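Heads up, the thing below is written out as structure tokens.
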2 protein chains.
Amino acid sequence: MSYEDAIAATMTALADPTRRDIIQRLRSGPLPVGAIAAPMPISRPAVSQHLRVLSDAGLLTVTPAGNRRLYAIAPDGVDRLRQYLDDLWDDALAAFARAAEDQAKGKSDE
Amino acid sequence: MSYEDAIAATMTALADPTRRDIIQRLRSGPLPVGAIAAPMPISRPAVSQHLRVLSDAGLLTVTPAGNRRLYAIAPDGVDRLRQYLDDLWDDALAAFARAAEDQAKGKSDE
DNA sequence: ACTTACCGTAAGTCATCGCTTACCATTTGT
DNA sequence: ACAAATGGTAAGCGATGACTTACGGTAAGT
């Protein structure tokens, strides 16, 4: 999986409100599928499908614990997206400063 | 627009590969619509629609310049998502550490 | 051994989204 | 004033995605 594909998968995974909801429920710690799905307005299989997407994106880890499967937020996956945005942020600021300079120069010619 | 809605719009906007492509082309500085669309494999109206989504999400700013419209990356929009991920990162690390502790405790009972 | 609990997968349906073509408005140049 | 350039909007179409029900498979309790 290339870097761009990984970013794409992570972005797509977090774009869905239901999946962000799941992430919220895991912020305080790992949970089995049933505990995640119980308070949610959708069926358990739907949650399973979302968990699959989040896992494939590297945002969650799965730990089989006997009968159940514990899902937890994977710090690595979050960090990858964080670094992408940090880079973007740097370029955006630089371009912003450059645009401000150009505008100042342009003003002096008027 | 609530905070959660803003995050949702930003995530959704960046989830599309074409829109990330547009963002890439703007990393070096502002561009008019035509210059953005020219090297891309889709039509100009399609690009316009994507620019609309990105602007609504607060990721781009528009500056009418006579005949043309200059689009530029909005650092504020990027920063909002960055902070969201920073918070998530903090919680993920804390939960990870807590899970490791719990596991250590559990081990001692076996 | 049998039943119950937990969970992933498959198939099908419905809504959403991205793209195209066609059209219109505004601005620049002659 | 007229023609060309720039770009946003509308309608329609095809594809992707999220959800449901139904099913199978493994682990735990009796």
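Taken together, the values in this text are just the output of simple stated rules run on the coordinates, not laboratory data. Nothing here was measured: the structure is a model prediction, and the numbers come from that model. Positions of Cβ are backbone-derived with ideal geometry, glycine not excepted, and every protein chain shown enters the neighbour counts.
To the nearest whole number, what is the average tally of beta carbon atoms from other chains within 10 Å of the beta carbons of peptide A:82-95?
Details: counts 7, 1, 4, 9, 4, 1, 12, 6, 3, 9, 12, 4, 4, 8.
Whole-number average of other-chain Cβ neighbours for A:82-95 is 6.
Taking the number of other C-beta atoms within 10 Å as the exposure measure, put B:Ile22, A:Ile23, B:Ile42 in order starting with the fewest. Spell out each step's value before the answer.
On the way: B:Ile22 24, A:Ile23 20, B:Ile42 12.
Lowest count first: B:Ile42, A:Ile23, B:Ile22.
What average number of partner chain Cβ atoms lie no more than 10 Å from the Cβ of the residues making up A:61-72?
Numbers: counts 2, 0, 2, 0, 0, 0, 0, 0, 0, 1, 0, 4.
Mean partner shielding for this stretch: 1.
Work through the residues other than A:Ile22 whose Cβ is under 15 Å from its Cβ and net out their charges, Lys, Arg +1 and Asp, Glu -1.
Details: positive: A:Arg19, A:Arg20, A:Arg25, A:Arg27, A:Arg44, A:Arg52, A:Arg69; negative: A:Asp16, A:Asp21, A:Asp56, B:Glu4, B:Asp91.
Once positives and negatives cancel, what remains is +2.
Taking the Cα centre of chain B as origin, work out the dipole magnitude from +1 charges on Lys and Arg Cβ and -1 charges on Asp and Glu Cβ, in debye rounded to 20.
Working: 13 positive and 15 negative charges, 206 e Å.
Dipole size: approximately 980 debye.
Compute the helix-to-body angle for A:3-15: its Cα long axis versus the longest principal axis of chain A, expressed 0 to 90° and rounded to tens.
The two axes meet at around 70 degrees.
B:Asp86 label points, 7 Å along Cα→Cβ, one per copy: pairwise distances from this copy to the rest in nm, shortest first?
Between copies, matching label points for B:Asp86 lie 1.2 nm apart.
If you put a point 7 Å past Cα along the Cβ direction, how far is that point for A:Gly34 from the same point in each other copy, in nm, smallest first?
6.5
Taking A:Ser55 in one copy and the same position in all the others, each labelled 7 Å out along Cα→Cβ, what are the pairwise distances from the first, in nm, shortest first?
Here the equivalent label points are 4.3 nm apart from this one.
With chain B rotated onto chain A, spot the residue of B whose Cβ lies nearest the axis and note the distance in whole Å.
Of all Cβ atoms in chain B, the one nearest the axis gives B:Ala15, 2.
Give me the net charge for the shell around B:Val33: Cβ to Cβ below 10 angstrom, other residues only, Lys and Arg +1, Asp and Glu -1.
My count for the surroundings of B:Val33 gives +3.
Quick check for you: which residues of region A:25-66 have the amide N under 18 Å from the point 7 Å beyond the Cα of B:Tyr3 toward its beta carbon?
A:25-28
Could you compute the net charge surrounding B:Ala46? Neighbours are other residues with a C-beta less than 13 Å from the C-beta of B:Ala46; K and R count +1, D and E count -1. Numbers along the way, then the final one.
Values: positive: B:Arg19, B:Arg44, B:Arg52; negative: B:Asp16, B:Asp21.
For residues surrounding B:Ala46, the net value is +1.
Could you list A:Met11, B:Met1, B:Met40 in order of exposure, starting from the residue whose Cβ has the fewest other Cβ atoms within 10 Å?
On the way: A:Met11 21, B:Met1 10, B:Met40 15.
Final ranking by Cβ density, sparse to dense: B:Met1, B:Met40, A:Met11.
With charges only on Cβ, +1 for K and R and -1 for D and E, what is the dipole size of the protein assembly as shown about its Cα centre, in debye, rounded to 20? Write down the numbers at each step before the final one.
Values: 26 positive and 30 negative charges, 129 e Å.
Charge dipole of the protein assembly as shown: 620 debye, to the nearest 20.
Other chains near A:2-15: what is the mean number of their Cβ atoms within 10 Å of each residue's Cβ?
Details: counts 0, 0, 3, 1, 0, 3, 5, 1, 2, 9, 6, 2, 11, 9.
Per residue, the number of nearby Cβ atoms from other chains is 4 on average.
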